[in-house]
Amino acid sequence: MIEARGISKFFSVLNEKGLAEGLTAVLNVSLSVRDGAVVSLLGPSGCGKSTFLEILAGLQAPTDGEVRIDGKLVLEPLPSTRKEMEDYKRRYRFISPLANGVFTNRPRHDIAMIFQDYAIFPWMTAMQNIVFALKLRASGHGRSGRAEMAEKARFYLNKVGLAEAENKYPSQLSGGMRQRLALARALSVEPKIILMDEPFAAVDALQREKLQDGLLRLLDDARAGAAPISVVMVSHDVQEAVYLSDEVLVFSPGPGGTVRNRIPVALPRPRARTDPALVEIQERVFAILQYDLNQESMYSI
Ligand SMILES: Nc1ncnc2c1ncn2[C@@H]1O[C@H](COP(=O)(O)OP(=O)(O)O)[C@@H](O)[C@H]1O
Ligand SMILES: [Mg+2]
């Protein structure tokens, strides 16, 4: 269970005059994802989706609010008094507040993240990228052998249609293939939670449908095997978001992104892409986004 309560994030940025100015990236967003559910975040560019996702992952500290996974805080709130700060420093013996997530809670949360820019290592082959992630995960989880890791890497490369590319470097792969490699790497660590930032954006339409269905099968299997995987996904594709999700959150245009609408998608799985009930929800979500776009263009006249 992922629970985010009242998350806000403010940045300090320099304006044209070189003066510091406050920027609200995320404003009072709450979210609850039960085990095995898929939730999508939709909204125009700049409305705070990536920032919110990174806060869920514990990669950024919220300015306000807290994220809990199975009841445990992802990041401890930053101390607000001098006394608390001293205790905090004594406890963690470092300066960076973000590191408390890295060293205390995070390894236990079993989260895999797919970044908008993939974050794969250009100097490693496809296979090495995955084995690297598996090695990181293996420390503290007992030893798994080199051969075992390679086998697992191959299994997930195959799942995303990259079996032939295991010895290629990212520079030798297309954008869509790099995106699939990032997906294979996230799946390979067999996490309980997958956070994805526009994971299928660079993939062509046919491949995208295949990957979506592959992901749904994997989630179904995980649910059947009593080890459900929860997904929070940023998307810019209404059809994809509704087809995959149990709930779609539409952000208002940013900056200052907050959740404008929550649309439940209470349709049984497996779903048919052409199911009229599904299409109807897609049209509703589309109309909401369209409304925001129209408002924006009215302001800019
Ligand atoms: N580290 C940062 N410093 C200052 N502003 C930031 C930072 N990260 C994001 N922003 C700003 O916050 C807003 C939301 O960004 P982002 O979360 O990337 O939006 P989205 O993913 O929805 O496109 C944008 O206006 C962006 O410029
Ligand atoms: Mg983004």
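The values are calculated or read from the model by the stated rules, or taken from the named source; none is laboratory data. The structure displayed is predicted, hence computed values, not measured ones. Using ideal geometry, Cβ is built from the backbone for each residue, glycine included, and neighbour counts are taken over all protein chains shown. We work out accessible area using only protein heavy atoms, side chains counted, and drop any ligands, DNA or RNA first. Shrake-Rupley method; radii C 1.70, N 1.55, O 1.52, S 1.80 Å.
A few notes on this one:
- Whole-percent P(r), region 158-245, all Cα pairs, 10 Å bins from 0: 16, 52, 29, 4.
- Within a Gaussian network of the chain (alpha carbon springs, distance under 10 Å), most fluctuating of LEU219, LEU23, LEU157: LEU23
- For the chain, the solvent-accessible area works out to 52 Å² per residue, with a probe of 1.4 Å and every protein chain left in place.
- Beta bridges by DSSP in the chain, antiparallel share as percent, to the nearest 5: 55 percent
- Residues whose amide H lies under 5 Å from that of GLU247, counting only those 5 or more places away or on a different chain, are VAL38, SER40, VAL265; hydrogens are built 1.01 Å from N in the peptide plane.
- A simple rule links phi to the HN-Hα coupling: the Karplus curve 6.51 cos²θ - 1.76 cosθ + 1.60 with θ = phi - 60°, which for region 266-277 gives 8, 10, x, 10, x, 9, 9, 4, 9, 3, x, 5 Hz, with x for Gly and Pro.
- With θ taken as phi - 60° and the Karplus curve 6.51 cos²θ - 1.76 cosθ + 1.60 applied, the whole-hertz 3J(HN,Hα) list for region 21-32 is 9, x, 10, 8, 8, 9, 10, 6, 9, 10, 7, 9 Hz, x standing for glycine and proline.
- Remark: for residue pairs LYS17/LYS72; LYS135/LYS159; LYS152/LYS210; LYS72/LYS135, the C-alpha separation exceeds 32 Å in LYS17/LYS72.
- Contact order, relative form, for the chain: 25 percent (alpha carbon pairs under 8 Å, 6 or more residues apart, mean separation divided by residue count).
- Heavy atoms of LYS83: accessible area, 1.4 Å probe, square angstrom to 10: 130 Å²
- Loop-located chymotrypsin sites (Phe, Trp or Tyr not before Pro) in region 139-239 (DSSP state not H, G, I, E or B) with no more than 10 neighbouring Cβ atoms inside 10 Å do not occur.
- Around the amide H of SER230, modelled in the peptide plane, lie the amide H atoms of GLY36, ILE193, ILE194, all under 5 Å away and 5 or more residues distant in sequence or on another chain.
- A helix-only calculation puts the chain at -12500 deg cm²/dmol for mean residue ellipticity at 222 nm, using -39500 (n - 2.57) for each DSSP H run of at least four residues, averaged over all residues.
- Protection proxy ranking for 24-32, 227-235, using the average of other Cβ atoms within 10 Å per residue and placing the highest first: 227-235, 24-32.
- Amide H contacts of GLN60: ILE55, each under 5 Å away and 5 or more positions distant or on a separate chain (H built 1.01 Å from N in the peptide plane; Pro and chain starts excluded).
- Working note: Karplus 6.51/-1.76/1.60 with θ = phi - 60° gives region 36-43 the couplings x, 8, 10, 10, 10, 10, 10, x Hz, where Gly and Pro are set to x.
- Among beta bridges that DSSP assigns inside region 129-288, antiparallel share in %, nearest 5: 50 percent
- Extent along the principal axes, Cα only, for the chain: 56, 53, 40 Å, with the longest axis given first.
- Convex hull projection area averaged over all views, region 207-248, Cα basis, nm²: 3.0 nm²
- Between ALA133, ALA112, ALA37, the residue with the greatest mean-square fluctuation in the GNM of the chain (Cα pairs under 10 Å linked by springs) is ALA133.
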